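Participant: My questions all concern the structure below.
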Amino acid sequence: MKNKPYPSYRQIIGLSLILFSLVAFLFPQLFQSSLESKELVEKVDYRIRLSAVPLGIGMFMVSLSKFQSEQLLIQSLILVFFIDLGYFTTRLLSMAIHGFNSTTQINWLAIELLIGITLAIILKLKKASPRA
C-alpha cells in the first residue's frame, strides 16, 4: 500500500486562490460596494474585477510542479499566460451570465484571446529553441 502524497503548500494556496476567485465572481458584492450602473460593460467588469487575477495565479500555483524545471523566463511567461486565461475565462462566463450585447466586452475578449495565442506561440518557440 502506497502512501498518497499530500498536496504541497503551493497547491493549497493555489486552490485557496481559485476558491476565493469563485466566491468573488459569484458574489462580488461581498468584497466591493454594490454596483449602481445597469450597463453591461460595468456588470461584466464588476464580476471580473477581483476574480480574474486570483484565478490565473491559483491555476499557475496548482500546476507549478509541472513547470519547476523550466527557466525563470518560461515560468514567468506561463504565469502571464495563466493570468490571461483567468481574465478570458471570467470575462466569458460573465458575458454568458449578462449577455453578449456589448461590443466593448467582445473586443476585450478578442484581445485576451490574441494575447493568449501570442503567449502560447512564444512559449512554444522558447521551449523549442536550443539552450545555451
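Bear in mind these aren't lab numbers, they're just calculated from the coordinates by the rules spelled out. Remember, predicted model here, so these are calculated numbers, not experimental data. Glycine gets a Cβ as well: all are built from the backbone with ideal geometry, and neighbour counts include every protein chain shown.
Participant: Measure off 7 Å from each Cα along the Cα-to-Cβ vector at E36 and F20, then give the distance between these two points in nanometres to one decimal.
Facilitator: 2.8 nm
Participant: State which helices in the chain qualify, where a helix is a whole DSSP H run, it must extend 18 Å or more along its own axis by its Cα atoms, and its mean Kyte-Doolittle hydropathy must be at least 1.0.
Facilitator: Qualifying helices: 9-26, 72-98, 103-128.
Participant: Taking only Cα atoms and a 10 Å spring cutoff, compute GNM fluctuations for the chain and point out the largest among F67, F88, F25.
Facilitator: Judging by the Gaussian network model, the answer is F67.
Participant: If you add up the charges near D45, with Lys and Arg at +1 and Asp and Glu at -1, over every other residue whose beta carbon is less than 10 angstrom from its beta carbon, what do you get?
Facilitator: +2
Participant: Moving on. List the trypsin sites (Lys or Arg not before Pro) within the range 39-95 that fall in a DSSP loop (any state other than H, G, I, E or B) and whose Cβ has at most 16 other Cβ atoms within 10 Å.
Facilitator: Here the sparse-neighbourhood loop sites are R49.
Participant: Follow-up question, since we're still on this one. Quickly rank 34-41, 109-116 as a protection proxy: mean count of other C-beta atoms within 10 Å, highest first.
Facilitator: Output ranking for 34-41, 109-116: 109-116, 34-41.
Participant: State the Cα centre-to-centre distance between the range 107-123 and the range 23-37 in whole Å.
Facilitator: Answer, in whole Å: 27.
Participant: Of S21, S8, S102, how do they rank once you tally other Cβ atoms within 10 Å and put the fewest first?
Facilitator: In order of increasing Cβ crowding within 10 Å: S8, S102, S21.
Participant: Put a dot 7 Å past each Cα toward the Cβ at I117 and Y9; how far apart are the dots in nm?
Facilitator: 4.1 nm
Participant: While we're here: Along each of its three principal axes, how wide is the spread of alpha-carbon positions in the chain, in whole angstrom units, largest first?
Facilitator: Largest to smallest, the principal-axis extents are 53, 39, 24 Å.
Participant: Per residue of the chain, what 222 nm ellipticity follows from adding -39500 (n - 2.57) for every DSSP H run with n ≥ 4, rounded to the nearest 500?
Facilitator: -23500 deg cm²/dmol
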